[in-house]
Amino acid sequence: MGQEDLAKIDKDSEYAVIKIREKIGKEKLLGISTHNKSEILRANMMDLDYIGLGAFKQTSTKDVTNLLGDTLDELAAESKHKVAAIGGVKLDDKFKNVSYLVIGSGLYES
């Protein structure tokens, strides 16, 4: 879920995740996108299965102004959840603290 999607459910993202988890249960995976350290630290307090972190690089599908580049892996180390690198990721990108690479709509183990 994107940060904007959470805001549509509730202005408090933590409470929005509680509402979503109540609706989908533990059987389904739940992840949210994060873009900086403060969003990661807030996500650490939520009942999530993973976070998406990015954007790593510029993509042709979305105009992103905040690119994480090489700092993405360092930020990923702040998460208590598994991390999926998003935004401009390629199969040959290597990360130490990332569990998944999101390439297009596909999810690959890192």
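Some notes on this structure:
- Any hit, the stretch 69-76, residues being in a helix (DSSP H, G or I), over 12 Å from the mean Cα position of the chain (by Cα) and within 15 Å of residue 101 (Cβ to Cβ): yes
- Total residues in the stretch 32-66, condition assigned to a strand (DSSP E or B) and buried (at least 20 other Cβ atoms within 10 Å of the Cβ): 6
- So residue 73, is it over 21 Å from residue 7 (Cα atoms) and in contact (Cβ under 8 Å) with a residue 24 or more places away in the chain: yes
- Top-ranked residue in the stretch 85-110 [being part of a strand (DSSP E or B) and touching a strand residue (DSSP E or B) at 6+ places or on another chain (Cβ under 8 Å); ranked as surrounded by the fewest Cβ atoms within 10 Å (Cβ to Cβ)]: 109
- Qualifying residue in the stretch 87-108 (condition: in contact with a Ser or Thr (Cβ under 8 Å, 6 or more places away or on another chain), at pLDDT 95 or above, hydrophobic (A, V, I, L, M, F, W, C) and more than 19 Å from residue 39 (Cβ to Cβ)): yes
- The lone exception for residue 17 - which of (1) in a strand (DSSP E or B); (2) surrounded by 20 or more Cβ atoms within 10 Å (Cβ to Cβ) it fails: (1)
- Members of the stretch 67-84 that are small (Gly, Ala, Ser), within 15 Å of residue 51 (Cβ to Cβ) and surrounded by fewer than 17 Cβ atoms within 10 Å (Cβ to Cβ): 77
- Among the candidates 98, 102, residue that is touching a residue at least 24 places away in the same chain (Cβ under 8 Å) and over 19 Å from residue 28 (Cβ atoms): 98
- Being among the charged types (D, E, K, R), more than 23 Å from residue 109 (Cβ to Cβ) and touching a Lys or Arg at 6+ places or on another chain (Cβ under 9 Å) is a property that holds for residue 14.
- Residue-level analysis places residue 22 outside the set of residues that are among the acidic types (Asp, Glu), at pLDDT below 95, exposed (fewer than 13 other Cβ atoms within 10 Å of the Cβ) and out of contact with any His (no Cβ under 9 Å at 6 or more places or on another chain).
The values are calculated or read from the model by the stated rules, or taken from the named source; none is laboratory data. Only a predicted model underlies this, so the values are computations on that prediction, with no experimental measurement involved. We place every Cβ from the backbone using ideal geometry, glycine too, and count neighbours over all the protein chains shown.
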